[in-house]
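No value in this document is a laboratory result; all are computed from the given coordinates. Computed from a predicted structure; not experimentally measured. Because the Cβ atoms are built from the backbone with ideal geometry, glycine has one as well, and the counts that use them run over all protein chains shown.
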Amino acid sequence: MIYKNFQNLKLSALGMGTMRLPVISGDDSCVDQEAVNQMTSCAIQSGINYFDTAWGYHSGQSELAIGRALAAYPRESFYLADKFPGYDLSNMGKAKEIFEKQLEKCGVEYFDFYLFHNVCELNINQYLDRSYGTYAYLLEQKKNGRIRHLGFSAHGSCEVIERFLEAYGEAMEFCQLQINYLDWDFQEARKKVELLRKHGIPVWVMEPLRGGSLASLKPEHEARLRALRPDETIPAWAFRFLQSIPDVTVTLSGMSNLEQLKQNIATFETDKPLNETEMATLLSIAEEMVKKIALPCTACRYCTSHCPQGLNIPSLLALYNEHAFSNGGFIAPMAVSAIEEDKRPNACIGCRSCEAVCPQQIKISEAMADFSKMLGL
Ligand code: SF4
Ligand code: SF4
């Protein structure tokens, strides 16, 4: 296992995520404890020392399951991360109640790592609103040793992350981001990493395989990669990509069975960052994948002043792309719900003034109608 230095700790470069634990009869809230115990034992024996859970995973069952599995090991032999569920606005103002419950559910006296969960467009104002007391409460827990390291995870834009850091950057020790070779340019992961570097904040990675969609590629793409590294598996390319980014400390993978776990552990036995040719090939494959589905908006903003409805067209198209590419998911619906109602895609009146000036000749009015349909607006 590769280890990375973080302050005075040595963290396993691969962390065990617990968002996609094995379940019984396909019921997401019915975690297979026996299988989780086995996976945890395999992880620990293989040198993984970082475990990540959250209030909402598996409808609240993830914290219980990983807590039970880890109870078999000395507390100082693993690092456990949990998160404040501010993605649900009804939790604002409940930091104390939730934190106490989380410790109880996980069966621990302290969390090694604790995060503001999912800082994004939807909750940034509430997260920054100090009257809820979240920040103050978490700082207090850090002072009394019940949180060892404080950080945040983010699905928001660079602007949102910047706002969060302006307010709380001083206390933030790490940041968890969705990084993979597909999102490197598509979802501005590269820019986000650069932003964090500027603030001196190390990066934790979530969704390295983009929810499993990078575990296998089209045959022609796989062939191009095999020609460069015949012995590398396709999922391993996603991890080698992350091993090539010096800012990355821990990569979390939400593994659903022992076989996936063993495969990922094998990849993290060796550090094999990509060379220039390999990186260029991988990113060109990513570009081709994105182009196939995504609208080619360059965010030039020529269209925005022509929209009688005042829609932020490039930002809506970026969300459209995310939604189309992910085949659904929660990110776009969440971001759109944070936009004022009269600025959402269904506010488009189909006048096509924007299309007359778009250098990419995007059929914007159709995209808005399509997006509204996808979101059920
Ligand atoms: S077609 Fe829709 S997005 Fe384009 S200018 Fe008209 S209202 Fe705005
Ligand atoms: S003009 Fe076209 S490419 Fe430019 S921001 Fe608008 S939609 Fe995107």
Query - Surface/4 estimate of mean projected area, convex hull on alpha-carbon atoms of segment 304-375, nm² - result: 4.3
Report task. Kindly give Rg over Rh for segment 111-262, based on alpha-carbon atoms, with the Kirkwood expression for the hydrodynamic radius. Result -> 1.03
Query - Ratio Rg/Rh [Cα only; Rh per Kirkwood] for the chain - result: 0.97
Query raised in the report: When a footprinting reagent is the concern and you count Cβ atoms within 10 Å, what order do W184, W237 take, fewest first?
Result: W184, W237
Query raised in the report: So for the pair A356, S59, with labels modelled 7 Å out along Cα→Cβ, what separation do we get in nm?
Result: 5.3
Report task. With runs of 4+ DSSP H residues as the only contributors, calculate the mean residue ellipticity of the chain at 222 nm using -39,500 (n - 2.57) per run, divided by the residue total and rounded to the nearest 500. Result -> -12500 deg cm²/dmol
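How would you rank K191, K292, K94, going from fewest to most other Cβ atoms within 10 Å of each one's own Cβ?
Working: K191 14, K292 9, K94 18.
Neighbour counts put them in this order, fewest first: K292, K191, K94.
Using the 10 angstrom Cβ neighbour count as an exposure proxy, how do M16, M206, M92 rank, fewest first?
Numbers: M16 28, M206 22, M92 18.
Least crowded to most crowded, the residues run M92, M206, M16.
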